[in-house]
Amino acid sequence: MKASIIIPTLNREEILLKTLKGIAGLSGDFEVLVVDQSDTPVKEDLLKSIDQRIRLVYLKEKGLPNARNIGANEADGEILIYLDDDVEIQNLDFIEAHLQNYEDSLVGAVAGRVRQPWEKSPGGRIGGIRTPLLIVGGSFNLEKKQKVTNMIGCNFSIRKSLVRELGGFDSNFLGSANLEESDMAIRVTRSGYKIIFEPQAYLHHLAWQKGGVRNDLKKNYEKYKWIARNQIYFFKKHGNKFWLPFFYSFVISRGKYYCLKEKSLKPLRETFKGLF
């Protein structure tokens with residue numbers, strides 16, 4: 001069973017190269033596709049100097065779901081492993097840790113273990129999609145293998161055949177594209193497949209603060225518009241209409257929380273832009 005590692009990237013050459021150097025030392029049968037949407041694309045010769053298994057796909061149109069879909073179309077592997085461009089792999093058998101789960105034909109996707117910069121030790125509640133409001137939350141830095149209802153975008157895998165069956169990742173998740181992986185998780189489980197959390201597929205997410213869906217400015221309030229907009233789109237797509245007024249209230253309350261966090265009213269203004 002061959003894997004294709006797919007890494008969407010946007011204006012992050014420095015950290016991308018570090019990530020690729022870490023991947024080059026992994027064991028297993030795999031290729032790496034870098035789907036580059038940068039203003040100035042990275043040179044393929046530079047990527048090949050790290051590992052001959054790396055291929056470059058350049059896109060002028062920016063958008064994370066679209067980059068995931070193009071990567072899936074170009075991939076040779078049966079299993080697609082999606083990684084962010086700012087991660088540090090923690091074990092050499094990372095790829096096999098993903099692949100072994102697909103010996104079960106009912107496994108459609110695998111959520112890997114992720115330690116975020118703010119997490120000091122493993123623990124907490126496993127990441128999932130809960131309550132009638134479809135609230136997404138929890139940690140993926142746990143040590144127990146288990147069935148889950150969600151995935152984390154910087155470290156998950158999925159059958160290529162299933163991506164095609166489900167019509168690909170939804171390009172209607174715009175801007176920061178938050179919740180696009182949760183949308184795919186819901187569609188995977190509703191199609192009758194399982195999602196398994198695999199703690200041996202372990203990496204550290206660096207949350208690089210330049211490039212990507214972030215802005216180089218210290219205060220980037222526009223992201224709150226896209227968070228709210230994608231939250232509403234996600235709920236309207238998968239939630240019960242009865243709960244929609246309550247969901248609007250939830251999103252507005254989150255906007256107020258961001259105001260306290262940023263010490264500014266601008267996050268609430270952007271939240272309303274995203275809602276309406």
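The values are calculated or read from the model by the stated rules, or taken from the named source; none is laboratory data. Everything numeric in this text was worked out from a predicted model, so none of it was measured. Note that each Cβ is placed from the backbone with ideal geometry, even for glycine, and that neighbours are counted across all protein chains shown. The protein model used for the area step is the full one, side chains on, heavy atoms only, and it has no ligands, DNA or RNA in it. Shrake-Rupley method; radii C 1.70, N 1.55, O 1.52, S 1.80 Å.
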Given the pairs LYS223/LYS273; LYS43/LYS223; LYS18/LYS144; LYS145/LYS237; LYS62/LYS223; LYS21/LYS62, which span a C-alpha to C-alpha distance of over 19 angstrom in this model? LYS43/LYS223; LYS18/LYS144; LYS145/LYS237; LYS21/LYS62
Aspartates and glutamates whose Cα lies under 20 Å from that of LYS263, excluding same-chain neighbours fewer than 8 positions away: ASP216, GLU222
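Gain in length, TYR257 to THR40, computed as 0.36 nm per residue apart minus the alpha-carbon separation, to one decimal in nm? Please list the in-between numbers first.
Details: separation 217, 0.36 × 217 = 78.12 nm, distance 3.65 nm.
Going from the current span to full extension adds 74.5 nm.
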Which residues qualify? For LYS194, with a placed amide H closer than 5 Å and at least 5 residues away or on another chain, they are VAL107, GLY108, ALA109
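First obtain the Kirkwood hydrodynamic radius of the range 69-123 from its Cα pairs, then insert it into the Stokes-Einstein equation at 37 °C and 0.692 mPa s, and state the resulting D in µm² per second as a whole number.
Working: Rh = 13.4 Å.
Translational D for this selection: 244 µm²/s.
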Can you compute the modelled spin-label distance between GLU88 and SER27, with each label point 7 Å from Cα toward Cβ, in nm? 2.2 nm
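Based on the Cβ-Cβ distance from ARG130 to ASN172, what FRET efficiency comes out when R0 is 25 Å, to the nearest 0.05?
Details: r = 23 Å, r/R0 = 0.93.
Taking R0 as 25 Å, the efficiency between ARG130 and ASN172 is 0.60.
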Would you mind telling me the share, in percent, of accessible area of the chain contributed by carbon and sulfur at probe 1.4 angstrom? 52 percent
Positive-pole candidate from TYR224, GLY25, GLY138, dipole of the chain, charges at beta carbon: TYR224
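What FRET efficiency would be calculated for the residue pair GLU143, LYS60, taking the C-beta separation as r and a Förster radius of 41 Å, to the nearest 0.05?
On the way: r = 42 Å, r/R0 = 1.03.
The value I calculate is 0.45.
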Isotropically averaged projected area of the range 88-237, using the convex hull of Cα atoms (one quarter of hull area), nm²: 9.5 nm²
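Taking 25 Å as R0, compute the FRET efficiency from the Cβ-Cβ separation of MET1 and ARG164 and round it to 0.05. Don't skip to the end; give the middle numbers.
Working: r = 17 Å, r/R0 = 0.68.
Efficiency, rounded to the nearest 0.05: 0.90.
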From DSSP H assignment alone, runs of 4+ in the chain each adding -39500 (n - 2.57), the sum over residues rounded to the nearest 500 puts [θ] at 222 nm at -11000 deg cm²/dmol
